């Protein structure tokens, strides 16, 4: 049951994510890929609010809180939607079909929008790997039969030499 709830939450977050495009024309490059992304301190409440400052129940995103204050809603998945479980663990390829990394995690801003994709690069069998944070709008997904392929327009060195993202997947 817990996994079903987590999957439903992840699916709803993916629904709000217009950035993982299948159409190359729809993507825009990040304005400053070297600029680090700001993240709130752990445990910070990030409630969705209306113009009056009151909590906007069902505002389309997950909210950090001590208790749930909005009634549960259920959603439908569209054929083009992708669940996070289908992305995490996928190899990331470039246009030369070279493996340039592996998708490790997703960064979800205020429980609503995927703002970054954590990719492990370099290393061998987990030794010497480091993490970079990729703008989701620069990752393209391709369905080939029953499988999903994640691709970026970058060579191996560009991805390997990107600014490091401090990530500890054991303490998430």
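All of the numbers you see were taken from the coordinates with simple rules; none came from a lab. If you're wondering where the values come from, they're calculated on a predicted model, not measured in any experiment. Reconstructed Cβ throughout: ideal geometry from the backbone, glycine too, with neighbour counts over all protein chains shown.
Per the Debye formula with a single identical scatterer at each Cα and no solvent contribution, what log10 I(q)/I(0) holds for the stretch 95-172 at q = 0.18, 0.23 Å⁻¹?
Summing over Cα pairs of the stretch 95-172 leads to -0.80, -1.20.
How do the peptides 62-71, 85-94 rank, highest first, by the average count of neighbouring beta carbon atoms within 10 Å per residue? Can you show the working numbers first?
On the way: 62-71: 10.9, 85-94: 16.6.
Per-residue mean Cβ counts within 10 Å order the peptides as 85-94, 62-71.
Using R₀ = 30 Å, calculate the FRET efficiency as 1/(1 + (r/R₀)^6) where r is the Cβ-Cβ separation of residue 73 and residue 166; round to 0.05. Can you show the working numbers first?
On the way: r = 35 Å, r/R0 = 1.16.
Calculated transfer efficiency: 0.30.
For residue 95 and residue 153, compute 0.36 nm times the residue count separating them, minus their Cα-Cα distance, and round to one decimal in nm.
On the way: separation 58, 0.36 × 58 = 20.88 nm, distance 0.59 nm.
The span from residue 95 to residue 153 would gain 20.3 nm if fully extended.
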